[in-house]
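The next block holds one structure in the form of structure tokens; read it before the comments.
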Amino acid sequence: MQPQPTDYPSFYQPYVEQVKEANTKTMLSKSLIELTTFLQSIPESKADFAYDEGKWTVKEVLQHCIDTERIFAYRALCHARGEQQHLPGFEQNAYADLAKVANRSLASLIEETILVRRTTVMLFQSFTEEDLLRIGFVGENLIKTFCWAYIVAGHFMHHQNILINKYNINQD
């Protein structure tokens, strides 16, 4: 079941388009393997590197991905459980400003990113087909629960591409 444009808000389209797998649960499981392989290729020497002034460091990018995945997984849980409240958005730059990663090691951020994805995979594995098709709202925007899996995976893929192309993190 591949998300259709009417299944999620259009501002998530760049993330959803990154993902080609049609089976939600299989896709997330595969994404864990790909994410782990990529993260383990990041050299320690790049940990505090930012490609330009005012841009996030590699560690800040990873913390952003951790925070964002947790928020998206929470939204998926709420929607799968039939939450009727319209969930709030979040300001990624404000979160990043308050997430002080200077005292964190690259290794700890990599480990946490992998663990968060594992819990996201487990969460989606627990959902029934009925859960996955349940509809919820973020702000005034309608979204089907299963779309969160594609948004989660696509969001990381988006940042992985930036890390490869702008931060020169090369995969061997």
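Values quoted throughout were computed directly from the atomic coordinates according to the rules given, and no laboratory measurement underlies them. Worth saying up front: this structure is predicted, and the values here are computed from it rather than measured. Cβ: placed from backbone, ideal geometry, glycine included. Neighbour counts: every protein chain shown.
Under 5 Å from the amide H of residue 87 lie the amide H atoms of 137, 138, 139, each residue being 5 or more positions distant or on a separate chain, with H modelled from the backbone and absent for Pro and chain starts. The label point for residue 45 and the one for residue 20, both projected 7 Å from the Cα toward the Cβ, are 3.3 nm apart. Secondary-structure-derived ellipticity at 222 nm for the chain, considering helices only, amounts to -17500 deg cm²/dmol, per-run term -39500 (n - 2.57) for DSSP H runs with n ≥ 4.
Rounded to the nearest 20, the Cβ-based charge dipole of the chain about its Cα centre (Lys and Arg +1, Asp and Glu -1) stands at 240 debye.
Modelled label positions at residue 32 and residue 111, each set 7 Å beyond Cα in the direction of Cβ, lie 1.8 nm from each other. What does the C-alpha gyration tensor say about the overall shape of segment 1-51? Classify as rounded when a/c is under 1.5, otherwise prolate if a/b is larger than b/c, or oblate. Oblate is the answer for segment 1-51, as a/c is 1.5 or above yet b/c matches or exceeds a/b.
Positive end of the charge dipole of segment 36-172 (Lys, Arg +1 and Asp, Glu -1 on Cβ, about the Cα centre): tell me which of 36, 102, 161 has its Cα farthest that way. Farthest along the dipole direction, towards plus: 36. Based on C-alpha pairs under 8 angstrom that are at least 6 apart in sequence, segment 5-165 has a relative contact order of 42 percent.
One quarter of the surface of the convex hull around the alpha-carbon atoms of the chain equals 9.7 nm², the direction-averaged projected area. Between segment 67-118 and segment 16-52, the C-alpha centres lie 15 angstrom from each other. The distance between label points at residue 119 and residue 91 comes to 2.6 nm (points 7 Å beyond Cα on the Cα→Cβ vector).
What's the long-distance tail for segment 25-115, i.e. % of Cα pairs beyond 15 Å?
66 percent
Karplus-derived 3J(HN,Hα) values for segment 4-20, using 6.51 cos²θ - 1.76 cosθ + 1.60 with θ = phi - 60°, are 9, x, 7, 8, 7, x, 4, 5, 8, 4, x, 7, 4, 5, 5, 9, 9 Hz; glycine and proline are entered as x. Distance check, please: which entries in 25/144; 20/144; 25/166 exceed 24 angstrom between their Cα atoms? In this structure, 25/166 exceed 24 Å between Cα atoms.
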